[in-house]
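Okay, structure first, notes after.
The values are calculated or read from the model by the stated rules, or taken from the named source; none is laboratory data. Computed from a prediction, not measured in an experiment: that's the story for all the values here. Because the Cβ atoms are built from the backbone with ideal geometry, glycine has one as well, and the counts that use them run over all protein chains shown. Side chains included, ligands, DNA and RNA excluded: accessible areas come from the protein's heavy atoms. Shrake-Rupley method; radii C 1.70, N 1.55, O 1.52, S 1.80 Å.
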Amino acid sequence: MVRNLVVFGGSSHPELVGRICNNLGISQGGLYTSKFSNGETSVSIKESVREKDVYVIQSGCGHVNDNFLELLITISACKTASARRVTAVMPFFPYSRQPDVPYNKHGAPLAKSSTTPRTDHNYTFESVPPSPRSHSSMGNNLTNGISLPSQRNGYFLDRDLDRKLKLKDQMWQPEGTGEINTGYKEWVAQSGTLVADLLTCAGADHIITMDLHDPQFQGFFDIPVDNLYGRPLLQHYIVSSIPNYQEAVIVSPDAGGAKRATAIADALGMDFALIHKERRTKYTEKGPTATVMLVGDVSNRVALLIDDLVDTSNTITRAAKLLKDRGATYVCAIITHGIFSGDAIQRIQASALDKVVTTNSAPQLEHQLALGSKLEILDVSNVFAEAIRRIHNGESVSMLFDHGAGI
C-alpha cells in the first residue's frame, strides 16, 4: 500500500495512465477536465491532495498545445490545493526538438575581389560582391542609385548620408535580380527555456520523461529532471525477438542519431551502419534533390533502424528504401516515440519497411489498427511506475538508467 501518493492523468493518454496505476497498485486520482465553448480548458480536482505527493501524467502528443496547457493548469491547481510535491510525468516531452535555422542561401553569386568589374561571371564561394564600396577607389563617382548633394568645404551637407551610403552598400543588389541581400538570417524561436519556465512557474517540483530528443533540454530547468532511457527496452526486444541478432546490422537513419545507435550496437556486439544525407542541395530537371549515402554493408543482412522519434516517418521510410536497394533482406525500425502524425501511416504502409517497433509513450491503438501486424508495441508503463515508486519512497532511480537492464 502506497501512502500519500496521488496519480492524476491528463486527457492525452488515458490508457498509459491506467497501466501505470495498475503497476503501482493504486486507483487513479479524481480529475475532471473539460472545455468551454470557446476552447478554454477547465480542470477540477475531485479529491484532497493536501500534503500529498502528486504525479500528473500527460504525454506531449495529440493536440500538443491543448494538452500542455491542461498540464500546466492541473499542476497549478494541485499546488494551490496545498500538495506537498507535484511531479510532471511526460513520457514524450513536447517542444524538445530544437530545429535548425531554416536559412536558404538565395543571395547573389559572388565575384572574386578585384579593382575592376568582372564580366565572365565565374563566381566562387570565396568571392565578394562586385558592387563598388564606399571606401574603395572604384566607388568615388558611384553612389549605388543615391543622388549626392553638392559638397561644401569638403564634407556633405547631409551628415547622415555617409551612414546611409554604407547601409545601402551592405544591402547590395545583384545585377539582373530583384532581390536585395541584407545578410539577415531569419530568427527561429527556441522554445526550450520557455517551456521549462512555464512548468516551473506552474508549480512543478520534478520532471520525469523518457529519451529527450535533445538531452541538453535538461539544462533549461532549475528543478530535477529524470530522463529515463528507452534503450533497455529496445535492446531487450532485439535480443529476444530478432533471430541471430548478432548477424544483423544496427543502422542510424541520420548523423544526429549515430551516438544513440552505436551505443546499442556496442552493447550487443553488433555491426553498425550510418545513412548520411548531404546538406548541399543539388538541382536537377526534377527539382532540388539531396544526396543520400550508406556508410556500411547491409547486403543480405537484417537491418535494424534505430531512432528516438518518428513523426512524419519521412526519414525512416527513405532510409528503408535505401537499405533495400543496397541488399538488405529485412528492414525493421525500432523507435522510442512513435507519433505518426499527418500521412505517416500511409507512408509506412507503402514503404519498404517490414516492421515498425515503438513504445506506448504515445497512443498507438489507431495506428495498430491501420498497420496490423506490421506494428509492434513495447510497454513503458512499468518503467514509469517504478520511477514513481522509487521517487516517492526516496529511493535511487539509478537502476532505471542501466542500459543493460532486462537483457
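If I filter the stretch 198-218 down to residues being at pLDDT below 95 and open to solvent by 10 Å² or more (accessible area, probe 1.4 Å), which single residue comes out as nearest to LEU309 (Cα to Cα)?
Looking at residues that are at pLDDT below 95 and open to solvent by 10 Å² or more (accessible area, probe 1.4 Å), I get HIS213.
Looking only at the stretch 238-255, which residues are crowded, with 16+ Cβ neighbours inside 10 Å and under 20 Å from the mean Cα position of the chain (by Cα)? Don't jump to the end; show me each part of the working.
In the first step, residues of the stretch 238-255 are kept if they are crowded, with 16+ Cβ neighbours inside 10 Å; the result is 238, 242, 245, 248-254.
Answer for the stretch 238-255, where residues must be crowded, with 16+ Cβ neighbours inside 10 Å and under 20 Å from the mean Cα position of the chain (by Cα): VAL251, SER252, PRO253, ASP254.
Filter the stretch 33-50 for residues that are closer than 16 Å to LEU69 by Cβ, in a strand (DSSP E or B) and not small (Gly, Ala, Ser) and give the result. Lay out the reasoning, then the answer.
The initial filter retains those residues of the stretch 33-50 that are closer than 16 Å to LEU69 by Cβ, namely 33-36, 38-44.
Keeping just the survivors that are in a strand (DSSP E or B) gives 33-35, 41-44.
Once the filter is applied, which keeps residues that are closer than 16 Å to LEU69 by Cβ, in a strand (DSSP E or B) and not small (Gly, Ala, Ser), the stretch 33-50 yields THR33, LYS35, THR41, VAL43.
Select from the stretch 350-378 the residues that are among the hydroxyl-bearing types (Ser, Thr, Tyr) and surrounded by 19 or more Cβ atoms within 10 Å (Cβ to Cβ) and write down the one among them that is nearest to HIS13 (Cα to Cα).
Here is the first cut: in the stretch 350-378, the residues among the hydroxyl-bearing types (Ser, Thr, Tyr) are 351, 358-359, 361, 373.
Going one step further and asking which of them are surrounded by 19 or more Cβ atoms within 10 Å (Cβ to Cβ), we end up with 351, 358-359, 361.
Numbers: SER351: 28, THR358: 15, THR359: 13, SER361: 8 Å.
Top of the filtered list is SER361.
Inspect the stretch 262-269 for any residue being in contact with a helix residue (DSSP H, G or I) (Cβ under 9 Å, 6 or more places away or on another chain) and open to solvent by 60 Å² or more (accessible area, probe 1.4 Å) and give the result as yes or no. Lay out the reasoning, then the answer.
Just the residues of the stretch 262-269 that are in contact with a helix residue (DSSP H, G or I) (Cβ under 9 Å, 6 or more places away or on another chain), to begin with: 263-264, 267-269.
Right, trim to open to solvent by 60 Å² or more (accessible area, probe 1.4 Å) and you get 267.
Within the stretch 262-269, one or more residues are in contact with a helix residue (DSSP H, G or I) (Cβ under 9 Å, 6 or more places away or on another chain) and open to solvent by 60 Å² or more (accessible area, probe 1.4 Å).
Within the stretch 32-47, identify whether any single residue is touching a His at 6+ places or on another chain (Cβ under 8 Å), open to solvent by less than 40 Å² (accessible area, probe 1.4 Å), closer than 18 Å to LEU198 by Cβ and not acidic (Asp, Glu), and answer yes or no.
Checking the stretch 32-47: not a single residue is touching a His at 6+ places or on another chain (Cβ under 8 Å), open to solvent by less than 40 Å² (accessible area, probe 1.4 Å), closer than 18 Å to LEU198 by Cβ and not acidic (Asp, Glu).
May I ask you to list the residues in the stretch 16-44 that are in contact (Cβ under 8 Å) with a residue 40 or more places away in the chain and in contact with a Leu (Cβ under 7 Å, 6 or more places away or on another chain)?
Passing the criteria: none in range.
Given the conditions (1) open to solvent by 30 Å² or more (accessible area, probe 1.4 Å); (2) among the aliphatic types (A, V, I, L, M); (3) part of a helix (DSSP H, G or I), report the number of the one that ALA319 does not fulfil.
Looking at each condition in turn, ALA319 falls short on (1).
Take the residues in the stretch 219-230 that are open to solvent by 50 Å² or more (accessible area, probe 1.4 Å) and closer than 22 Å to VAL380 by Cβ; name whichever of them is farthest from the chain's Cα centre (by Cα).
Only one residue fits best here, namely PRO224.
So, THR336, is that one surrounded by 20 or more Cβ atoms within 10 Å (Cβ to Cβ), among the β-branched types (Val, Ile, Thr) and either in a helix (DSSP H, G or I) or in contact with a Ser or Thr (Cβ under 7 Å, 6 or more places away or on another chain) (or both) or not?
Yes, satisfied.
Take the residues in the stretch 246-267 that are free of Cβ contacts under 8 Å to residues at least 40 places away in the same chain and not small (Gly, Ala, Ser), then tell me which one is nearest to ASP354 (Cα to Cα).
Applying the first criterion (free of Cβ contacts under 8 Å to residues at least 40 places away in the same chain) to the stretch 246-267 yields 246, 255-256, 258-259, 262, 265-266.
Subsequent filtering for residues that are not small (Gly, Ala, Ser) retains 246, 259, 262, 266.
Details: GLN246: 19, LYS259: 24, THR262: 22, ASP266: 24 Å.
The selected residue is GLN246.
Looking at this structure, is SER341 under 23 Å from TYR237 (Cα atoms), outside any strand (DSSP E or B) and free of Cβ contacts under 8 Å to residues at least 60 places away in the same chain?
No: the conditions fail for SER341.
Taking THR74, is it part of a strand (DSSP E or B), among the polar types (S, T, N, Q) and open to solvent by less than 10 Å² (accessible area, probe 1.4 Å)?
So THR74 does not fit the description; no.
In this structure, is GLN235 open to solvent by 10 Å² or more (accessible area, probe 1.4 Å) and either in contact with a Phe, Trp or Tyr (Cβ under 7 Å, 6 or more places away or on another chain) or on the phi < 0 side of the Ramachandran plot (or both)?
On the way: open to solvent by 10 Å² or more (accessible area, probe 1.4 Å): no; either in contact with a Phe, Trp or Tyr (Cβ under 7 Å, 6 or more places away or on another chain) or on the phi < 0 side of the Ramachandran plot (or both): yes.
So GLN235 does not fit the description; no.
With respect to ALA258, is the statement that it is open to solvent by 10 Å² or more (accessible area, probe 1.4 Å), under 16 Å from ALA319 (Cβ atoms) and at pLDDT below 95 true?
yes
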